[in-house]
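This report concerns only the one structure given below.
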Amino acid sequence: MAELDTQGADYEAEHVHSVYEEIASHFSSTRYKPWPIVERFLKEQSDGAIGADVGCGNGKYLAVNKNVFIVGSDRSTNLIKIAKQHEPHSTIVADNLSLPHPPGTFNFAISIAVIHHLSTPARRIEAVKAVLDIVRRPSSPGTKDGGKALIYVWALEQKNSRRGWDEGHEQDVMVPWVLKQKKEKKPKRRQGEMEGKGVVEGSEEKQDGDRTFLRYYHLYKKGELEQDIGEAGGVVLESGYEKDNWWAIATPN
Amino acid sequence: MKLLTLNFLTCAIKTCKTNPASFPLHPRNAELEIQEADINLPFLKNILPRLMWEEIRTIARELGLPDLPSTPPTPTDLSISTSSTAPSNPDTSLDTDEPSEAPAGEETPSQTALDLHRLLLETCIQEGILVCGSCGHEYAVKEGVANFLLPGHLV
Ligand SMILES: [Zn+2]
């Protein structure tokens, strides 16, 4: 896959950040059910543990465990305004590559459906490293007793999903989000269900007032997340595939 | 933003993180608001060992809040033992149908616990800035949300 010069921070600002800022409230209304592995990971944490939710979005994972304290962060102010209701946790606006936490602070961290929005391999590895940096370090290298980080990314291999991507497909895709302007009933099939890098503008007006926003995603292929974790200086403790996503629990080496 | 959050925040600029002066961030021109929340005594006891007490004292002082004791409370300081204040009542053994209102092990928060809860989980910075003691960068807090996005040249 060719890396365009345009990819990087500016590219993500246009094709990721500004989109979430616009679709925040509609996006949030569709994101309420926690994924089972994330839920299990959060419930396993001991009472009083301190965690970070990097790219917390609307804060749906902040509702899972009230006996831990989580600092949720997201780049979208509009999503953070929604996320902030979850007690006893706390939310801030921050970039996942410039997190305002002292290194080695947290007992655990999660970063769910976030790292696939970074548009170059180096930035994705940096994002994994940023999550590993804020969890507690091991007592000595290789002991694996440091803090644990759960990372989730969208999988390339999802031929049974409605997107239908699979092995061999282009991994860098633009995924539409249709923001309905009117309540009138629409056909089930969503509009603009095709990806085409750089073909369509960030948003376009539909005749009936619907707006389609395109978000950039890097679809992870099997083994790629584990590889990124290794390059970021982490050790994979557990990993797997769940509902169109690759996930891994990692700890600093 | 709850004051407890400041215990886990520093400057977002990478080069500041190795400088001890970047922690904690210093609140300035802060508008505080009390947002009441239910007290969770086990939670409070469990986070106690994670508190950077000296830094929390500094923050409280900078916000003009009452002085905190020089040493942090211990878990036992946070509860009033119920076993001594509520001696066993022979009648309770008869009321087997009634669920016990205070199950064994339930503890009453002490004044110290209430104070700590108020300070860390109910006292919120609504407006103001957080200043890095290392580089002087100011992070705005608006409507209770601190913003750590950096201008391009500082990333
Ligand atoms: Zn600084």
Return only the number of the condition from (1) more than 7 Å from chain B (Cβ to nearest Cβ); (2) part of a helix (DSSP H, G or I) that A:SER111 does not satisfy. (2)
Subset of segment A:74-109 [among the aliphatic types (A, V, I, L, M) and in contact with a strand residue (DSSP E or B) (Cβ under 6 Å, 6 or more places away or on another chain)]: A:ILE80, A:ALA83, A:ILE92, A:VAL93, A:ALA94, A:ALA109
It is to be established whether one or more residues within segment A:81-91 are touching a Lys or Arg at 6+ places or on another chain (Cβ under 6 Å), modelled with pLDDT of 95 or more and part of a loop (DSSP other than H, G, I, E, B). no
Matching residues, segment B:1-49, being of a type in the set (Lys, Arg), at the interface with another protein chain (Cβ under 8 Å from one of its Cβ atoms), touching a strand residue (DSSP E or B) at 6+ places or on another chain (Cβ under 9 Å) and not in a helix (DSSP H, G or I): B:LYS2
Identify, by number, the condition in (1) surrounded by 14 or more Cβ atoms within 10 Å (Cβ to Cβ); (2) within 16 Å of the ligand (Cβ to nearest atom) that B:PRO20 doesn't meet. (1)
Considering only segment B:117-126, how many residues are outside any strand (DSSP E or B) and among the hydrophobic types (A, V, I, L, M, F, W, C)? 3
Within segment A:118-135, restricting attention to residues that are in contact with a Gly (Cβ under 8 Å, 6 or more places away or on another chain) and away from every other protein chain (no Cβ under 13 Å), which residue is farthest from A:ILE23 (Cα to Cα)? A:LEU132
Looking at (1) touching a Gly at 6+ places or on another chain (Cβ under 8 Å); (2) closer than 14 Å to A:PRO88 by Cα, which is the only condition B:GLU36 fails? (1)
Being assigned to a loop (DSSP other than H, G, I, E, B) and either small (Gly, Ala, Ser) or near the ligand (Cβ under 10 Å from one of its atoms) (or both) is the filter here, so list the residues in segment B:127-149 that pass it. B:CYS132, B:GLY133, B:SER134, B:CYS135, B:GLY136, B:HIS137, B:GLY144
B:THR58: under 18 Å from B:VAL131 (Cβ atoms), more than 16 Å from the ligand (Cβ to nearest atom), within 14 Å of chain A (Cβ to nearest Cβ) and in contact (Cβ under 8 Å) with a residue 12 or more places away in the chain, yes or no? no
Any residue in segment A:76-104 that's more than 21 Å from B:THR10 (Cα to Cα) and at the interface with chain B (Cβ under 7 Å from one of its Cβ atoms): show its pairings with residues that are assigned to a loop (DSSP other than H, G, I, E, B) and of a type in the set (A, V, I, L, M, F, W, C) at Cβ separation under 9 Å, as long as the two are six or more apart or on different chains. A:GLU87/B:ALA37
Hey, does segment B:72-82 have a residue that's modelled with pLDDT of 95 or more, within 11 Å of another protein chain (Cβ to nearest Cβ), more than 16 Å from the ligand (Cβ to nearest atom) and outside any loop (DSSP other than H, G, I, E, B)? no
Considering residues that are surrounded by fewer than 23 Cβ atoms within 10 Å (Cβ to Cβ) and more than 23 Å from B:ILE39 (Cβ to Cβ), the number found within segment A:76-92 is 4
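Going residue by residue through segment B:144-155, is there one that turns out to be more than 9 Å from every other protein chain (Cβ to nearest Cβ) and at pLDDT below 95?
yes
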Select from segment A:46-63 the residues that are in contact with a Phe, Trp or Tyr (Cβ under 9 Å, 6 or more places away or on another chain) and surrounded by fewer than 20 Cβ atoms within 10 Å (Cβ to Cβ) and write down the one among them that is farthest from the other protein chains (Cβ to nearest Cβ). A:ALA63
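The values are calculated or read from the model by the stated rules, or taken from the named source; none is laboratory data. Everything numeric in this text was worked out from a predicted model, so none of it was measured. Cβ sites come from the backbone with ideal geometry, for glycine too, and all protein chains shown count toward neighbours.
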